[in-house]
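Contents: one structure, followed by commentary.
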Amino acid sequence: MVLEGMELIAITVVIGLFFVVFKQFGAWEPLTLDESSDCELELSTVRHQPEGLEQLQVQTQFTKKELQSLYRGFKNECPSGLVDEETFKNIYSQFFPQGDATTYAHFLFNAFDMDRNGSIRFEDFVIGLSVLLRGSETEKLRWAFNLYDINKDGYITKEEMLAIMTSIYDMMGRYTSPSVRDVDPSEHVDKFFQKMDRNRDGVVTIDEFIETCQKDENIMASMQLFENVI
Amino acid sequence: MAAGVATWMPFARAAAVGWLPLAQQTMPKPPVDKTSRSDEILFVNVSGLRFQTWKNTLDRYPDTLLGSSEKEFFYNEETQEYFFDRDPEMFRHILNFFRTGKLHYPRHECIQAFEEELAFYGIIPEIIGDCCMEEYRDRKKENQERLAEDTEAENAGDAPLPPDATLRDKLWRAFENPHTSTMALVFYYVTGFFIAVSVIANVVETVPCRPLKGSIKDLPCGEKFSVGFSCLDTACVLIFSCEYLMRLYAAPSRCDFARSVMSVIDVVAILPFYIGLVMPENEEVSGAFVTLRVFRVFRIFKFSRHSQGLRILGCTLQACASELGFLLFSLTMAVIIFATVMFYAEKGTKGTTFSSIPASFWYTIVTMTTLGYGDMVPDSIAGKIFGSICSLSGVLVIALPVPVIVSNFARIYHQNQRADKMRAQQKVRQARIRMAKKGATNAFLQHKEDGGLQDGGDGDSTAFCVKNRSAFEHQHHHLLQCLEKTTNHEFTDEITYSEVCMMDSMGFRTSRSTSLSSQQGSTTTCCSRRAKRRAIRLANSTVSVSRGSVQELDTLHVTKTPVGTQYPQSRSSLNARTEDLKLNCTDYTAAIISIPTPPANSPDESLPNSPAIPGILRNSRSSTFNTQETVKISSL
């Protein structure tokens with residue numbers, strides 16, 4: 001039998017329909033087996049339990065009640081026990097609705113996340129808070145230095161400082177008086193380096209930093225902003 | 001700001017360390033929080049169900065009742081807890097909102113109850129979480145629709161017309177709501193009858209009748225009885241034209257009426273006749289005229305004024321316009337595809353009926369709708385295969401949008417049914433409300449008779465119903481008395497008031513007060529109307545008796561019945577009323593109306609059977625007394 005044009009197409013269509021029906025019988029399952037196995041892995045969510053209350057009391061300067069209160073708040077917000085960077089950025093941005101706080105939040109995240117595993121556990125959170133709120137002035141300044149030192153090499157370079165400064169000015173947003181000019185961050189960085197960099201080597205070390213800050217009355221007086229936080 | 005942000009505040013403040021070394025000015029002093037910082041557990045008692053929660057949890061939302069100092073108003077010192085006299089089931093959801101930051105809408109709760117609870121606790125409904133928002137919105141829309149229907153039904157026109165309605169308003173009323181008056185009903189049925197007659201005439205005049213004598217061919221009845229049919233047609237058109245013109249005259253907004261669907265149908269139905277009158281007896285034009293006669297069939301659409309089902313169908317089709325459009329579009333696509341395929345499949349066959357693609361359209365439509373006339377049939381194998389695929393897919397394509405249309409129809413139909421049910425319920429509800437109002441007034445009037453007017457003293461003597469009165473009622477009655485004293489008028493009941501009105505209608509002039517209740521228009525018509533309109537017929541026989549007395553008073557000047565017989569009857573009716581009043585404290589029909597207190601009316605002590613009944617009854621009796629006297633005069 002000679003099949004012509006339309007008849008060929010018709011026969012092809014019929015054969016295609018046969019295959020569709022076959023699938024219904026489960027007789028032919030092309031390439032569907034691999035995907036089903038991946039689903040199982042996603043079921044287990046990551047969960048983290050913090051160290052015991054006594055250990056945290058030793059490590060931090062908070063009382064038991066304060067730790068309890070902090071943990072309740074933390075657990076309520078992050079039931080899995082871990083804060084990832086996206087969530088962190090979202091939370092911090094809500095305090096600064098006018099500007100863009102995501103860059104600064106990124107730096108903060110890295111400062112809090114001590115073991116650099118991409119998420120903040122309750123211990124990191126609480127230890128960081130303890131240093132900032134209950135620590136000595138030197139400890140606080142050390143923590144600030146750690147924040148500025150983006151690559152954690154022990155030196156603050158101009159580029160690092162500029163990045164930090166830009167992120168802080170970004171938090172202000174557009175509507176300020178007087179308005180933020182593009183050169184403001186770099187000017188501020190220059191002023192900072194003039195003050196901090198004693199030996200004019202272009203970088204600020206931790207000793208230079210702490211020493212200069214302790215001598216500056218403004219900075220010491222401003223330490224009062226940590227009172228009554230908790 | 002969202003809830004949990006408050007938890008992170010200490011952290012955000014601590015993170016300000018990063019700005020510290022960079023600051024060019026000194027940082028300001030932090031705020032001193034005088035309230036106790038330590039977290040504590042609060043007890044919240046909601047109608048007996050005790051909830052406990054951390055203080056911090058509630059403080060997360062400082063602009064709600066629970067989060068602000070407003071809750072201190074509900075603090076109970078003895079039990080050291082916050083007590084709310086609200087629904088404990090709902091409170092669970094409210095508290096969950098504080099705990100989790102997400103507000104959920106409980107599906108089994110009434111939407112209005114839920115909204116009221118939210119309003120009480122100071123939470124805006126807009127923050128309902130996404131999971132429940134859709135359900136909430138749907139329920140809310142449904143509820144609003146239902147309420148809108150209720151108010152619409154109220155305003156729709158079952159309410160009585162204001163007395164100053166013009167002829168136009170009355171006419172429009174009669175057209176829109178035929179059940180309001182008998183004339184309208186008659187008109188409604190007559191037009192319906194004539195629509196039917198017209199349509200049947202149109203149909204019958206094409207039926208072949210027996211031929212005239214001397215000819216063999218069957219004539220259509222229209223030509224045999226052409227005179228009769230044309231008379232009938234003319235009569236129907238005249239009636240329809242009259243109806244249309246009257247509706248046009250009565251319509252409150254003629255532009256809107258002229259543009260409405262029903263009026264367009266009316267015009268289209270009668271136009272062919274008038275065009276036929278105007279058109280000359282021309283050969284070519286009469287062909288077009290015949291076509292115009294087709295439009296006469298649109299008269300059948302006029303029935304939709306008479307049938308609610310038709311209106312619903314029309315509504316449904318309107319509502320499903322998009323689904324119908326989709327159906328049409330998908331059908332067109334399928335028709336074109338299959339027509340093309342069939343044409344090319346059948347091209348080889350000799351003598352095929354598939355002469356062109358448009359010719360194949362007919363085959364495709366007939367096959368897809370599973371009609372299968374059989375006038376066009378494919379011969380080749382390919383044609384048959386594609387033909388079968390065409391019919392299978394036709395079933396699917398048509399079946400898909402139909403459930404949507406059906407569900408829309410069901411929804412609209414149920415809405416209509418509900419509207420009817422609502423209207424019936426409204427009447428009952430309003431009757432109940434009226435009764436409740438009258439009950440309250442009666443209690444007050446009763447209280448006055450029982451000596452409430454006397455300041456102290458005789459209050460105990462006729463204290464039959466005093467026990468039943470609550471503190472609230474005492475205060476309410478005192479309030480009404482204050483009002484009476486202020487305006488120097490007194491509250492009275494309907495019957496007495498009607499009698500006073502009768503007095504007026506017979507020419508007795510009293511100093512008419514202007515403080516009539518708003519429901520009454522002119523002085524004379526109001527009372528006659530009141531006499532006719534007794535909305536509540538309780539099982540109180542005195543109503544009918546007093547009504548009888550009023551009516552008899554009404555007809556006095558016509559029949560000239562001796563007043564002597566009248567007097568004891570009305571007196572006895574009054575007595576009966578007082579007996580009733582003494583024993584049936586609450587069972588009494590009345591309405592709040594003010595009557596003037598004629599200064600010349602001296603309390604008549606000589607009336608028998610009234611030892612200790614002061615107050616308005618005396619007044620009313622004396623005024624009826626006057627009525628009797630007046631009547632006496634006028635009948636002589």
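The values are calculated or read from the model by the stated rules, or taken from the named source; none is laboratory data. Only a predicted model underlies this, so the values are computations on that prediction, with no experimental measurement involved. In this analysis, Cβ positions are derived from the backbone assuming ideal geometry, glycine residues included, and neighbour counts consider all displayed protein chains.
Annotations for the structure displayed:
- Only one entry of A:SER222, A:SER177, A:SER167 meets the criterion of being within 25 Å of A:PHE96 (Cα to Cα), more than 11 Å from chain B (Cβ to nearest Cβ) and small (Gly, Ala, Ser), and that entry is A:SER177.
- Taken together, the residues in segment A:163-177 that are buried (at least 17 other Cβ atoms within 10 Å of the Cβ) and farther than 14 Å from A:ALA105 by Cβ amount to 2.
- First in segment B:5-34 and more than 7 Å from chain A (Cβ to nearest Cβ), second anywhere and of a type in the set (Val, Ile, Thr) and in a helix (DSSP H, G or I), Cβ under 9 Å, 6 or more apart: none
- Qualifying position, being assigned to a loop (DSSP other than H, G, I, E, B) and within 14 Å of chain A (Cβ to nearest Cβ), among B:ASP379, B:ASP375: B:ASP379
- Options B:VAL341, B:VAL402: the member that is surrounded by 16 or more Cβ atoms within 10 Å (Cβ to Cβ) and either away from chain A (no Cβ under 14 Å) or not acidic (Asp, Glu) (or both): B:VAL341
- Every pair of residues 6+ apart whose Cβ atoms lie under 8 Å, when the first sits in segment A:116-136 and is more than 10 Å from chain B (Cβ to nearest Cβ) and under 17 Å from A:GLU51 (Cα atoms) while the second is among the acidic types (Asp, Glu) and assigned to a helix (DSSP H, G or I): A:SER119/A:GLU85
- Filter result for B:ASP63 (within 14 Å of chain A (Cβ to nearest Cβ) and modelled with pLDDT of 80 or more): no
- Near pairs, Cβ below 7 angstrom, 6+ apart or cross-chain, from segment B:121-147 (surrounded by fewer than 16 Cβ atoms within 10 Å (Cβ to Cβ)) to any residue that is in a helix (DSSP H, G or I): B:ASN143/B:ILE111; B:ASN143/B:GLN112
- Single residue of B:THR352, B:THR316, B:THR332 found to be within 14 Å of chain A (Cβ to nearest Cβ) and either surrounded by fewer than 14 Cβ atoms within 10 Å (Cβ to Cβ) or at pLDDT below 90 (or both): B:THR352
- Within segment A:1-77, helices (runs of 4 or more DSSP H) holding 3 or more residues that are at pLDDT below 85: A:5-24, A:33-38, A:64-77
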